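In what follows, a single structure is set out as structure tokens and then discussed.
The values are calculated or read from the model by the stated rules, or taken from the named source; none is laboratory data. Being a predicted model, the structure only gives us computed values, none of them experimental. Please note that ligands, DNA and RNA were not included when accessible areas were found on the heavy atoms of the full protein model with its side chains. Shrake-Rupley method; radii C 1.70, N 1.55, O 1.52, S 1.80 Å.
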Amino acid sequence: LLRQPLRVVDIGAHVGAFACGLAALSPQATIESFEPSPNTAAYLRRNATQNGLADRITVDERAVAGEAGWAEFIDNGAGSALNALTSAVPTETPVVTSSTRVPTTTFDEVVAARPQPVDVVKLDCEGGEYDAVLRSSPQSWAQVQRVVLEYHPSDTHDLTQLLEWFSACGLHLVRQHAYTDRQGTAWLSRRA
């Protein structure tokens, strides 16, 4: 895939490690990055610019969620990797003392707004992956060739639900790395 003009959606882009790394490896890749934290999105923009990749990495300061509108978001500032939609945080997590409202969009809207199909989707949205995926339309995933996702602890969902949902869309697990029994990374592909 690296030799093709990849069209990538990076959900939970954080400071751009994935986006910058992929853009550096694949000179024809264009990456639409979604990062709802204004502070973290500023780091992402700076990293794309300083690496000479800003022409191929766009930054959208919305969260990709199950519905468009607004949501409460934990933003720990300073590029924290522990930011998340409050609705995605399991009850075992310590009480959140402050949050902010962020705009949200859906995966269906993201796909509909693109002139060409999405080749690769990366999801790392601290538990928000369940809502974003399970409430999207299977048709929106029809052209997606690869998915890499970090799955997180949830009170109501688990990786099995995501894998079953993706399998029905033609995307199958090709690799998994578990950090704990409820968190890890999974790679899915339309082809073996």
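Nearest 5 percent is fine: what portion of the DSSP beta bridges confined to the chain is antiparallel? Bridges in the chain are about 50 percent antiparallel.
Taking a ≥ b ≥ c as the square roots of the Cα gyration tensor eigenvalues, segment 52-95 comes out oblate, since a/c reaches at least 1.5 and a/b does not exceed b/c. For segment 91-192, the square roots a ≥ b ≥ c of the C-alpha gyration tensor eigenvalues yield an a/c of 1.5 or more together with a/b not exceeding b/c, which makes the shape oblate.
Return the whole-Å distance between the Cα centroid of segment 115-145 and the Cα centroid of segment 45-94. Result: 16 Å between the Cα centres. Close amide H partners of S33, meaning residues 5 or more places away or on another chain with modelled amide H under 5 Å apart, are D10, T58, V59, D60. Extension gain, R101 to Q176: 0.36 nm times the residue separation minus the Cα-Cα distance gives 23.7 nm. Mind sorting out which of [x] 1.08; [y] 0.97; [z] 1.23 is the real Cα Rg over 2.2 N^0.38 Å computed from the coordinates? Comparing each candidate, only [y] matches the computed number.
With all protein chains present, how much of the accessible area of the chain (probe radius 1.4 Å) comes from carbon and sulfur, to the nearest whole percent? It would help to have the intermediate numbers written out before the result.
On the way: 4920 of 9420 Å².
Answer for the chain is 52 percent, counting heavy atoms of protein chains only.
The figure for F107 is an accessible area of roughly 0 square angstrom, using a 1.4 Å probe on the protein chains alone. Two tests apply to each whole DSSP H helix in the chain, Cα reach of 24 Å or more along its axis and mean Kyte-Doolittle hydropathy of at least 0.0, and none passes both. Of the listed residues L162, L82, L173, the order by accessible area with a 1.4 Å probe, largest first, is L82, L173, L162. Computed over the chain with a Gaussian network model linking Cα atoms closer than 10 Å, the most mobile of Y43, Y130, Y179 is Y179.
Annotation: amide H of G79 within the under-5 Å range of T40, sequence separation 5 or more or interchain, hydrogens built in the peptide plane.
How would segment 1-47 be classified by its alpha-carbon gyration tensor: rounded, prolate or oblate, with rounded meaning a/c under 1.5 and the a/b versus b/c comparison settling the rest? Prolate is the answer for segment 1-47, as a/c is 1.5 or above and a/b outweighs b/c.
Solvent-accessible area per residue in segment 1-135 equals 47 Å², computed with a 1.4 angstrom probe and all protein chains kept.
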